[in-house]
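Q: Once you've had a glance at the structure underneath, I'll fire off some questions.
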Amino acid sequence: MKLLYIESKLKNLELNLPINEIKKLPRRLFLAYSIQYKDLAKSMKILLESNNIKITNFKQVLGCSKIKTKEPVLLIGTGRFHATNLYLQAPEIYLLENNKIIRVNGEEIERLKIQRKSALMKFLNAEKIGILVSTKLGQENLKQAITLKEKLKKKGKQAYVFMSNNINIGELENFNIDSWINTACPGLALDSNNIVNIHEIKI
């Protein structure tokens, strides 16, 4: 089957960012955006650079994106899904909301770190482990899951592979599993303290 990828963009977006909002930002930034806001992000890049802010990277991100940066991130998009995934990957996160710059609260980030530690502890103490595999294009990691299952068995763990096109974490409580390992979009684990992402563990 042939696939055609088409960018979806929001139109008629205006950037009217007051100078006092720009002053809230650091002098060096990683500028990230969700695809719908690509044009707005381009305008933001020009605006910030004209105000002597160095853009060290300009990149589209998804809810499952992995970035490497020592610079604070300014995200152009809506909602917190994309931002939440970046919390543990950057020193600071800023959002553009209604022509205002919002700095993500440090307490919110700290809560996420505690949640991730809790999930990891559950995994380390678990006897029955479920490995989540998505069948979606670009997220399917079945071979990796099977390899992981064998490694867990060698360590005396009971491991099971669960495959689905649409993983609903609300359904996971229906299974007698102590901890879950996610091999799909990393953002999935951020909604639960009983799921670890495969990159968070060492086997």
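The values are calculated or read from the model by the stated rules, or taken from the named source; none is laboratory data. Keep in mind that this is a model prediction, so the values were computed, not measured. Neighbour counts are summed over all protein chains in view; Cβ atoms, including those assigned to glycine, are modelled from backbone coordinates with ideal geometry.
Q: Kindly evaluate Glu71 against the criterion of being closer than 22 Å to Glu110 by Cβ, of a type in the set (Asp, Glu), at pLDDT 90 or above and in contact with a Lys or Arg (Cβ under 9 Å, 6 or more places away or on another chain).
A: yes
Q: Something else now. Does region 172-186 hold any residues that are surrounded by fewer than 18 Cβ atoms within 10 Å (Cβ to Cβ) and in contact (Cβ under 8 Å) with a residue 24 or more places away in the chain, and which are they?
A: Across region 172-186, the qualifying residues are Leu172, Phe175, Asn176, Asp178.
Q: From the list Leu124, Leu120, which one is among the hydrophobic types (A, V, I, L, M, F, W, C) and touching an Asp or Glu at 6+ places or on another chain (Cβ under 8 Å)?
A: That would be Leu120, the only listed residue that is among the hydrophobic types (A, V, I, L, M, F, W, C) and touching an Asp or Glu at 6+ places or on another chain (Cβ under 8 Å).
Q: Still on this structure: Among helices (runs of 4 or more DSSP H) lying entirely in region 78-171, which contain 1 or more residues that are in contact with a helix residue (DSSP H, G or I) (Cβ under 9 Å, 6 or more places away or on another chain), surrounded by 14 or more Cβ atoms within 10 Å (Cβ to Cβ) and at pLDDT 95 or above?
A: Answer list for region 78-171: 106-125, 142-154.
Q: What pairs can you find where one residue is in region 31-59 and over 13 Å from Leu15 (Cα atoms), the other is aromatic (Phe, Trp, Tyr), and their Cβ atoms are less than 6 Å apart, with a gap of 6+ or different chains?
A: Taking only residues 6 or more apart or on different chains, the pairs are Leu31/Phe58; Thr56/Phe30; Asn57/Phe30.
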